[in-house]
Structure formats: structure tokens, C-alpha cells
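In what follows, a single structure is set out as C-alpha cells and then discussed.
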Amino acid sequence: MLDFNRSRRLISENDTEIKVQVKLINEIDEELVSRGLLNSDQVHILETEALVDASSIRTVLPTKIAEKLGLDIRRYETVSYADGREETVGLSDPIIIQVQGRETRGGAVVTQGSEVIIGLIALETLDFVVDYENRCLIPNPKHPDYPVFRI
């Protein structure tokens, strides 16, 4: 069954993990290229697998991935984990996230974890629906050809 009410869906231990291929790009590098201040071959780009987690609000990057992308920490925020723990973590420079030909931009939470996590904000702006039965992301059937997001 497709989940059209993504913001209220919580991932439980019984749910199957959904992973997708993502392309992550340092957005500041892209801007410097467009201004003629950086060669395009110097843009930090990384293709990797990411866990889809609609119960995570933001995209999460492990510290090692953030370093490979040449990202700096812009500020620190307190996050709350599902188990009740709280931790102060960094919020990165902006990144471009590309999934299945769609693209969104924004900062990511940087943690000591080992997995890239695509959270709810990215899923909403990319306008994907999580198909838990088939373990994949699909474009929202209401607008399958291009993303539309609520404001």
C-alpha cells in the first residue's frame, strides 16, 4: 500500500529498510563554478546509497561523507533521537541531493553515524511517495512527471 500521508508515518522496527542511490553535490562549489571562480572538475560530488527514513525530518550525513563533500559546519543544533537521547550536532553547508532525476537543496545534519539518511524534508520537496510494499520510492502519482510540494 502506498503511504500518501508521509508526515504522519512512523518507521517501526518491523518495517523494511528502503535504500536508494543518491548523488550528493556541494552546492557552494556549484555556485562558484557558475560564477567562474572554480573549475567544474573541482566540484565535490559523491554517489552513494542512502536509507529512506520518513520519520527523520532532515537529511543526515556521516562526518566522513561531509568531509568528502568538502562541507563545513555552519551552526550547531540539538537533535532528538527515537530512543529519547538528545545530542548537539552540526548543520552543514548546503548540498544538492539528486534522486531518480529529481533534485532538492539544503543543509544536512552531520553525525558520527555511518549511513546517509534521506529525511522527510527532502522526500517532500522531491515529491516522492514511499512504497513500503515494494521497498522503493516512487514519484507522487498526483504529479508523476515533475515534483510539486506543499507550501
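Provide the net charge surrounding Arg35, with neighbours chosen by a C-beta distance below 14 Å and charges set as Lys +1, Arg +1, Asp -1, Glu -1.
-4
Is any residue of the range 37-74 close enough, with backbone N under 17 Å, to a label point placed 7 angstrom from the Cα of Val20 along the Cα-Cβ axis, and if so, which?
The answer is 46-61.
How do Leu51, Leu61, Leu37, Leu126 line up, fewest other C-beta atoms within 10 Å first?
Leu37, Leu51, Leu126, Leu61
With each label point set 7 Å from Cα along the Cα-Cβ vector, what nm distance links Ile138 and Arg35?
Simple spin-label model gives 4.3 nm for this pair.
Charges on Cβ only, +1 for Lys and Arg, -1 for Asp and Glu, centred on the Cα centroid of the chain; of Asn140, Ile117, Val52, which one is farthest towards the dipole's positive end?
Going by the charge dipole, the pick is Asn140.
Is it possible to state the helix-based mean residue ellipticity at 222 nm for the chain, with each DSSP H run of 4+ residues giving -39500 (n - 2.57), the sum divided by total residues, to the nearest 500 deg cm²/dmol? What is it?
-3500 deg cm²/dmol
If we count every other residue with Cβ under 12 angstrom of Glu115's Cβ, Lys/Arg +1 and Asp/Glu -1, where does the sum land?
For residues surrounding Glu115, the net value is -1.
Averaging sequence separations of C-alpha pairs under 8 Å and six or more residues apart, then dividing by the length of the chain, give the relative contact order as a whole percent.
Once divided by the residue count of the chain, the mean separation gives 29 percent.
So what's the projected area for the range 16-139, the Cα convex hull averaged over all directions, in nm²?
7.8
Which ³J(HN,Hα) values in Hz, rounded to whole numbers, follow from the phi angles of the range 38-43 under the Karplus curve 6.51 cos²θ - 1.76 cosθ + 1.60, where θ = phi - 60° and Gly and Pro get x?
3J(HN,Hα) across the range 38-43, in whole Hz: 8, 6, 4, 6, 9, 5.
Cα centroid distance between the range 67-119 and the range 40-64, in Å?
7
In a GNM of the chain with a 10 Å cut-off on Cα contacts, which of Val52, Val22, Val43 has the highest mean-square fluctuation?
Top of the fluctuation ranking is Val43.
If the reach is capped at under 21 angstrom between alpha carbons, list the lysines near Lys64, excluding any in the same chain fewer than eight residues apart.
The reachable lysines, counting only those whose Cα sits under 21 Å from Lys64, are Lys19, Lys23.
Throughout, read-outs are computed from the coordinates displayed, never taken from laboratory work. No experiment lies behind these values; they were computed from the predicted model shown. Quick reminder, even Gly has a Cβ in these numbers, built from the backbone with ideal geometry, and neighbours come from all protein chains shown.
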